[in-house]
1. Please list, in chain and number order, the residues 5+ apart from Lys65 or on another chain whose amide H is under 5 Å from its amide H, with Hs placed from the backbone.
2. In the range 1-110, which chymotrypsin sites (Phe, Trp or Tyr not before Pro) fall in coil by DSSP and have 13 or fewer other Cβ atoms within 10 Å?
3. In whole Å, what are the extents of the range 32-92 along the principal axes defined by its C-alpha atoms, from largest to smallest?
4. Loop only per DSSP, at most 10 neighbouring Cβ atoms within 10 Å: give me the trypsin sites (Lys or Arg not before Pro) in the range 1-102, ordered by residue number.
5. For the range 33-124, which whole percent of the accessible surface, found with a 1.4 angstrom probe, sits on carbon and sulfur atoms?
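The values are calculated or read from the model by the stated rules, or taken from the named source; none is laboratory data. Remember, it's a predicted structure, so these values are computed and weren't measured experimentally. We place every Cβ from the backbone using ideal geometry, glycine too, and count neighbours over all the protein chains shown. With ligands, DNA and RNA removed, areas are computed over all heavy atoms of the protein, side chains included. Shrake-Rupley method; radii C 1.70, N 1.55, O 1.52, S 1.80 Å.
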Amino acid sequence: MAERTRTRWAEAEPKPRVEPTWAGWAAVERIAVEHGLGPLLSAVNLVKPGVGETTRVLLRRVPWKVLARPELLATDDAGRLLRGDLAHVLLLAAQRGVPVEPVADLPYSCVGLIHPQFTPGATGADGKTVLDV
């Protein structure tokens, strides 16, 4: 067994290194700017890409919006999702009253946006931040 594994390992061709495209990070920056989340350096912290991060935004933070790829929001005639990838995200968004917006060419299944007014650096009408109160 060990010899066969060693032979297979020696025969395996190394995969060519693939350079990162940074498409995901570019999308995060673009979303932060398009939605007016504030200065880019801090605004990217309010954009949470992926199903796991979006779920966490809906459960633990003050969610503002959920952006999702349109093909993952498609339903049949009875209103059932054709794909169940985002079923729990859509359920949580509905329960929290968070709008879900379809966005074409999104490199992630979905993206959760944290509400910019309810973050530690947000300034209220009185000029104080959440940290000042």
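1. The answer is Leu113.
2. Values: sites: Trp9, Trp22, Trp25, Trp64, Tyr108; in loops: Trp22, Tyr108.
Hits after loop and neighbour filter: Trp22.
3. Principal extents (largest minus smallest coordinate, Cα): 43, 23, 15 Å.
4. Numbers: sites: Arg4, Arg6, Arg8, Arg17, Arg30, Arg56, Arg60, Arg61, Lys65, Arg80, Arg83, Arg96; in loops: Arg17, Arg61, Arg80, Arg83.
Hits after loop and neighbour filter: Arg17, Arg80.
5. Values: 2760 of 5150 Å².
Carbon and sulfur together cover 54 percent of it.
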